[in-house]
Amino acid sequence: MKGILLTLFIGFLLFSGLYCMRRAKTLNDFFLGGRNVGPWLSAFAYGTTYFSAVIFIGYAGKVGWGFGLASLWIVVGNTLLGSLLAWWVLARRTRAMTIRLNTMTMPQFLAARYQSPSLKIFAALIIFIFLIPYSASVYMGLSYLFEKVFNIPYTYAAIAMALLTAMYLVTGGYRAVAVTDAVQGTIMIFGVLVLLYFVVGAPEVGGLTAAVTKLAAIDPRLVSPVGPPGWLPMASLVMLTSLGAWGLPQMIQKFYAIKDESSIRPATIVATLFALVITFGAYFTGGLSRLFFDKMPLDAANMPNPDLLMPQIIMTHLPDWAATMILLLVLSASMSTLASLVLVSSSAVSIDLIQSICPKLTEKQNVRLMRLFCALFIALSVTLALAKPVIILSLMAISWGTVAGAFLAPYIYGLYWRGATAKGAWISALAGLTISVIFSFYFKLDAGKIPIVGSAAMLVPLVVLPVVSLVTEKLPEEHIIRAFGEGYDKGAIIVKNKKVEQL
């Protein structure tokens, strides 16, 4: 059963890449699907990129064990703030402004919006440094999973996953990723429903009412509104995993690529419902983990390991076909996140850096270059994964807060506030980067402190940027008019009834 389902899954990924290859003729086609991706594909692309295997294997068990049912606050945050409000607040303006400024990536947008080419280089380096190690960690997680479930050696599994990613991503680009994300998202939804059915019905749980009673008997705080660790760690987790999505390039890319404004509303609904189902299934199951174990499971080194909670529940309490479905769920979540990370990371070099040096490359050369760097970064990621260095896991732990901390304030204010200045964007981005990196290492990458540090790295720049912008040089009025589309009419910018620039 496992082999058949896995073969069908891999076959579909390869078919999608080859099918979409003929439509990826320009860089815009390859990186953004020609800005012609429909609402369903866009919504699933957003959701599957948002929720990787970490939510099921790591976060669900660890957070659920510590907070109990209070971990459902993360469900509320991810659904309403991370999905619903993100689409409402960001999608329409992002699509419109990136078209007016003729930008395809986050670094390009920041450079064009603030008229600061050096900001593009800075942003591209942030993406390269913190997202490539993140993708390497995904390969590590997948390889360990295949080694455990299929008895495939770690090295062979890592190389096989790298080849699979390269084949469908390098050939088909963003459209292939979006098409496969729709199928992977469907697998994730079905897998979560299967997981909930068997976990809630397990003898250790005995239904919803009995679950609450049994958790309260273990510790009344496990069914309280906050949970044992307290309100600050919980608020930080909600903020980091919800608002953080607003500043991640791999998430914002979905708004660039959507077909038209009429597609945004249905995409918003689908993405929000997807987030609700996936996060509830993961965190509710994790919140029940104490009913299955008297103490934290031990790893090979005889140390407590929360990452083993969900896998052991799945392998011991689900029938074989259901466990296989959950395996495909985890694989789907990982592959979709991995593809988006590689696509965005490779664009940081091929689009944001090399095109700045060689602006006269043809479309065909640009597409070849993008494909080359996708393959190169996949190779780099899997090489790092095979080395299994501890620093990769450390960088992955702070990558979310660092990237979001650097980009969130310049991005949001760039969309909504005409008074945001280049110096304000620079200083706020540096503030987010500095807070995240320095304090994460100051606290020795303590898992309990990283969400608090990441939240601070996002929130402080939101105050820094307007304060600095109020006392620094404003951008030219003509540029602001062009960026915000005032007087925009049929491709022309109107300033005092005169056309000053044709788009």
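Got a sec? Which of 429, 457, 425 is in contact with a Ser or Thr (Cβ under 6 Å, 6 or more places away or on another chain) and not β-branched (Val, Ile, Thr)? Full working, then the answer.
Working: 429 fails: in contact with a Ser or Thr (Cβ under 6 Å, 6 or more places away or on another chain); 425 fails: in contact with a Ser or Thr (Cβ under 6 Å, 6 or more places away or on another chain).
Checking each option against the conditions leaves just 457.
Looking at region 83-92, is at least one residue open to solvent by less than 20 Å² (accessible area, probe 1.4 Å) and at pLDDT below 75? Step through it out loud before you land on a result.
First, the residues of region 83-92 that are open to solvent by less than 20 Å² (accessible area, probe 1.4 Å): 83, 86-87, 90-91.
With the extra rule that they be at pLDDT below 75, the set shrinks to none.
No, region 83-92 contains no residue that is open to solvent by less than 20 Å² (accessible area, probe 1.4 Å) and at pLDDT below 75.
Any residue in region 413-426 that's crowded, with 23+ Cβ neighbours inside 10 Å: show its pairings with residues that are among the β-branched types (Val, Ile, Thr) and part of a helix (DSSP H, G or I) at Cβ separation under 6 Å, as long as the two are six or more apart or on different chains.
From region 413-426, the pairs are 424/468.
What residue, among those in region 53-62 that are more than 11 Å from residue 288 (Cα to Cα) and among the hydrophobic types (A, V, I, L, M, F, W, C), is modelled with the highest pLDDT?
Once the filter is applied, the top-ranked residue is 55.
One line per residue, one yes/no per condition, for (1) open to solvent by less than 70 Å² (accessible area, probe 1.4 Å); (2) in a loop (DSSP other than H, G, I, E, B):
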site: 439; (1), (2): no, no
site: 446; (1), (2): yes, yes
site: 456; (1), (2): yes, no
site: 459; (1), (2): no, no
site: 463; (1), (2): no, no
site: 467; (1), (2): no, no
site: 478; (1), (2): no, no
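Pull out all pairs, ordered by first then second residue, where Cβ-Cβ is under 7 Å, the residues are six or more apart or on different chains, the first lies in region 116-135 and is over 16 Å from residue 404 (Cβ atoms) and without any contact (Cβ under 8 Å) to a residue 12 or more places away in the chain, and the second is crowded, with 19+ Cβ neighbours inside 10 Å and not aliphatic (A, V, I, L, M).
As it stands, the answer is none, since no pair meets every condition given.
So, in region 399-427, of the ones that are farther than 22 Å from residue 485 by Cβ and of a type in the set (Ser, Thr, Tyr), which residue ends up modelled with the lowest pLDDT?
Filtering first and then ranking leaves 399.
Can you tell me how many residues within region 312-350 are more than 20 Å from residue 376 (Cβ to Cβ) and either in a helix (DSSP H, G or I) or under 16 Å from the mean Cα position of the chain (by Cα) (or both)? Spell out how you get there, then give the answer.
Step one: of region 312-350, the residues more than 20 Å from residue 376 (Cβ to Cβ) are 312-334, 336.
Keeping just the survivors that are either in a helix (DSSP H, G or I) or under 16 Å from the mean Cα position of the chain (by Cα) (or both) gives 312-317, 320-334, 336.
Residues in region 312-350 being more than 20 Å from residue 376 (Cβ to Cβ) and either in a helix (DSSP H, G or I) or under 16 Å from the mean Cα position of the chain (by Cα) (or both): 22 in total.
Filter region 39-70 down to the residues that are farther than 22 Å from residue 404 by Cα and either out of contact with any Ser or Thr (no Cβ under 9 Å at 6 or more places or on another chain) or open to solvent by 20 Å² or more (accessible area, probe 1.4 Å) (or both) and list them by number.
Hits for region 39-70 are 39, 40, 41, 57, 62, 65, 66, 67, 69.
Inside region 190-306, counting only helices (runs of 4 or more DSSP H) that do not spill past its ends, which hold 1 or more residues that are open to solvent by 20 Å² or more (accessible area, probe 1.4 Å)? Explain how you work it out, then say what you get.
On the way: elements: 208-218, 231-242, 249-257, 264-287.
Fully inside region 190-306 and qualifying: 208-218, 231-242, 264-287.
Taking residue 374, is it open to solvent by less than 30 Å² (accessible area, probe 1.4 Å) and either modelled with pLDDT under 75 or under 19 Å from residue 128 (Cα atoms) (or both)? Walk me through it before giving the result.
Working: open to solvent by less than 30 Å² (accessible area, probe 1.4 Å): yes; either modelled with pLDDT under 75 or under 19 Å from residue 128 (Cα atoms) (or both): yes.
So residue 374 fits the description; yes.
In the set 109, 122, 128, which member is modelled with pLDDT of 90 or more and either among the aliphatic types (A, V, I, L, M) or surrounded by fewer than 23 Cβ atoms within 10 Å (Cβ to Cβ) (or both)? Even if it seems obvious, please write down each step before you answer.
Numbers: 109 fails: either among the aliphatic types (A, V, I, L, M) or surrounded by fewer than 23 Cβ atoms within 10 Å (Cβ to Cβ) (or both); 128 fails: modelled with pLDDT of 90 or more.
Just a single option satisfies the conditions, and that option is 122.
Restricting attention to region 365-379, does a residue exist that is under 23 Å from the mean Cα position of the chain (by Cα) and under 29 Å from residue 219 (Cα atoms)?
no
Answer with yes or no whether residue 320 is out of contact with any helix residue (DSSP H, G or I) (no Cβ under 6 Å at 6 or more places or on another chain), within 23 Å of residue 67 (Cα to Cα), open to solvent by 10 Å² or more (accessible area, probe 1.4 Å) and among the charged types (D, E, K, R). Break it down into steps so the answer makes sense when it comes.
Numbers: out of contact with any helix residue (DSSP H, G or I) (no Cβ under 6 Å at 6 or more places or on another chain): yes; within 23 Å of residue 67 (Cα to Cα): no; open to solvent by 10 Å² or more (accessible area, probe 1.4 Å): yes; among the charged types (D, E, K, R): yes.
Taking the combined requirement at face value, the residue does not satisfy it.
The values are calculated or read from the model by the stated rules, or taken from the named source; none is laboratory data. In this text the structure is predicted, and so the values were computed from the model without any measurement. Cβ coordinates were reconstructed from backbone atoms using ideal geometry, including for glycine residues, and neighbour counts include every protein chain displayed. The area values use the complete protein model at the heavy-atom level, side chains included, leaving out ligands, DNA and RNA. Shrake-Rupley method; radii C 1.70, N 1.55, O 1.52, S 1.80 Å.
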